[in-house]
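Following: one structure in structure tokens, then a few remarks.
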Amino acid sequence: MMLSEPTLPQALLLLCLHDQSGKAEAGYYQPAIAGAALAELLLAEVIELSSDEPARVIPLRHNKKLGTFLTLCDVEIGSSPQTKPLSAWINRLANMKGLIANVADELCHLGALSQEKTRIFGIFQRTVWPEASPALEQKIIGEIARAMFDDSLEVDERMSVLISLAISADVLKHNFNSGLLRRHAARIKSIGNGEMLGASAAEEVIHTTEKAIAAATAIEAASAATIIT
């Protein structure tokens, strides 16, 4: 089962955005988008992970053409004066200015999204990206559905990464039938645990992204508890 055409960050963002409102349905999707970018750069062999503990991101010399967003990430990593742990890059890219806007802009050029300006309380301006055409997202959703719900199909590395990160961002429930998700929970869990990735370095990206999202969730929960008390 092979994901085609869109990059991992593009595919994941489409799953995160509400089709009509253009707003994110996921609570902590920025680390997942950052993880998707790092996984894409790994699979494209423009970066690699060291064998250290924790793993560090090492930029590689290459002449490959990347999209605008992935190029920004590649340049950011390559311009660092020293190598940083994978967890540091997930956090840094997740907080990079224009993270979502850059990926969304690529999807606008692909005809999948449109850009709109809205106001919160009639005062603060916000950019949203509602669906312009369902074709690309429906293709992605169809491929993911076959990977998750057809036990006879093998799941390739990129699809395993996408599903794992979609689980981390908690967006499957917004895109797939709840009954089917429950019925195939064991297979989905095995994909999410990286059992189909083997010894891939992308598995390290998934686990580190999960930790980043868990940490962000814990911080918000602690802050909420402090406000309540």
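The values are calculated or read from the model by the stated rules, or taken from the named source; none is laboratory data. Quantities reported herein were computed from a predicted structural model and do not represent experimental measurements. Note that each Cβ is placed from the backbone with ideal geometry, even for glycine, and that neighbours are counted across all protein chains shown.
Descriptive notes on the structure:
- Scanning the range 62-86 for residues that are modelled with pLDDT under 90 and either among the charged types (D, E, K, R) or in a helix (DSSP H, G or I) (or both) yields Lys64, Lys65.
- Near pairs, Cβ below 6 angstrom, 6+ apart or cross-chain, from the range 73-94 (under 15 Å from Ala39 (Cα atoms)) to any residue that is assigned to a helix (DSSP H, G or I) and among the polar types (S, T, N, Q): Leu86/Thr208; Ser87/Thr208; Ile90/Thr208; Ile90/Thr209; Ala94/Gln30
- Qualifying residue in the range 157-166 (condition: touching a strand residue (DSSP E or B) at 6+ places or on another chain (Cβ under 8 Å), small (Gly, Ala, Ser) and either modelled with pLDDT under 90 or crowded, with 17+ Cβ neighbours inside 10 Å (or both)): no
- Each residue in the range 159-211 was checked for being within 17 Å of Ala94 (Cα to Cα), over 12 Å from the mean Cα position of the chain (by Cα) and not in a helix (DSSP H, G or I), and 0 of them qualify.
- Of all the numbered requirements in (1) touching a helix residue (DSSP H, G or I) at 6+ places or on another chain (Cβ under 9 Å); (2) without any contact (Cβ under 8 Å) to a residue 40 or more places away in the chain; (3) surrounded by fewer than 19 Cβ atoms within 10 Å (Cβ to Cβ), Ala101 misses one, and that requirement is (1).
- Of the residues making up the range 169-197, those that are at pLDDT 90 or above and of a type in the set (S, T, N, Q) are Asn175, Asn177, Ser178, Ser190.
- Qualifying residue in the range 125-132 (condition: within 17 Å of the chain's Cα centre (by Cα) and either on the phi < 0 side of the Ramachandran plot or of a type outside the set (Val, Ile, Thr) (or both)): yes
- Residue count, the range 1-48 (criterion: of a type in the set (Val, Ile, Thr) and part of a loop (DSSP other than H, G, I, E, B)): 2
- Unmet requirement for Met96, which otherwise passes all of (1) surrounded by 15 or more Cβ atoms within 10 Å (Cβ to Cβ); (2) part of a helix (DSSP H, G or I): (2)
- The one condition in (1) free of Cβ contacts under 8 Å to residues at least 60 places away in the same chain; (2) surrounded by fewer than 19 Cβ atoms within 10 Å (Cβ to Cβ) that Ile47 fails to fulfil: (2)
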